[in-house]
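Quick notes on the structure that follows.
Each value in this text was obtained by applying a stated rule to the coordinates, not by laboratory testing. Since the structure is predicted, the reported quantities are computational estimates derived from the model, not experimental observations. All Cβ positions, even for glycine, are placed from backbone atoms using ideal geometry, and neighbour counts span all protein chains on display.
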Amino acid sequence: MTTKDDSSRGDAGGAIPRLAPLAENDWDSRTRQLLSPVARDAGGRVPNVFTTLVRHPDLYERFMPFGGYLLRSGRLPGRVRELLILRTACLTRASYEWGRHVPLAKAAGVTEAEIERIPQGPDADGWAELEIHLLRAADELHREARLSDTTWEALSAHYDDADLVEITMLVGQYHMVAFLLNSAGTELDPGFDPAGFPPSADDTTATSTSTSSPTRSPEGA
């Protein structure tokens, strides 16, 4: 299901999605098997992100263990994980992920006041020093596809090698999901609220400049 107008987005004003979630009446036996472990929302709905991604069942089957590990079983504390995800949602304009992850962030101990200032980035007043480095990490990965030396060293004082790998992969994974959701125009599920999501991209660009000047790595991967 597509729209002719590239400006139509399922998460913006109720526009028709370019790629509609697969309706339950259209699930074949494999689709039902793939979606059966997914926790359903109130009313028995499977979240739209999964019923959209499952249109590529082979990819869905391989992606879910990876995404599920980062979300449920990773090394990072839930509060750290959700700060990184929400900042990434802002930067990528992924209102679906914002709406889905605000409740998870609150459950992980992120306060209402902190959620309100996530769109302002690491320079906003009120962040602890480590949180500034984490939010700056999300910004640098979004902007430069690498962490600056300053941010890497600051995070290394608190996290081991495996944690640093997970921080970068977590931010990257939620960029990948945002690419799908934004391109497909995936609508936020009923019962979830995008409140607090910045109204424009300009409100997500308050990033600080690190004392070292980051440059892209010349390597191809």
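What to note about this one:
- Calculated FRET efficiency for the pair Val38/Asp193, C-beta based, R₀ 25 Å, to 0.05: 0.75
- Peptides 81-90, 171-180, 142-151 ranked from most to least packed give 81-90, 171-180, 142-151, packing being the mean of other C-beta atoms within 10 angstrom over each peptide's residues.
- Dipole magnitude for segment 46-122: about 120 debye, using +1 per Lys or Arg Cβ and -1 per Asp or Glu Cβ, origin at the Cα centre.
- As a length-normalised measure over Cα pairs under 8 Å and 6 or more apart, the relative contact order of segment 78-189 settles at 38 percent.
- Cα gyration tensor, segment 63-183 - rounded (a/c under 1.5), prolate or oblate: rounded
- Placing +1 on each Lys and Arg Cβ and -1 on each Asp and Glu Cβ, with no other charges, gives segment 147-189 a dipole about its Cα centre of roughly 200 debye.
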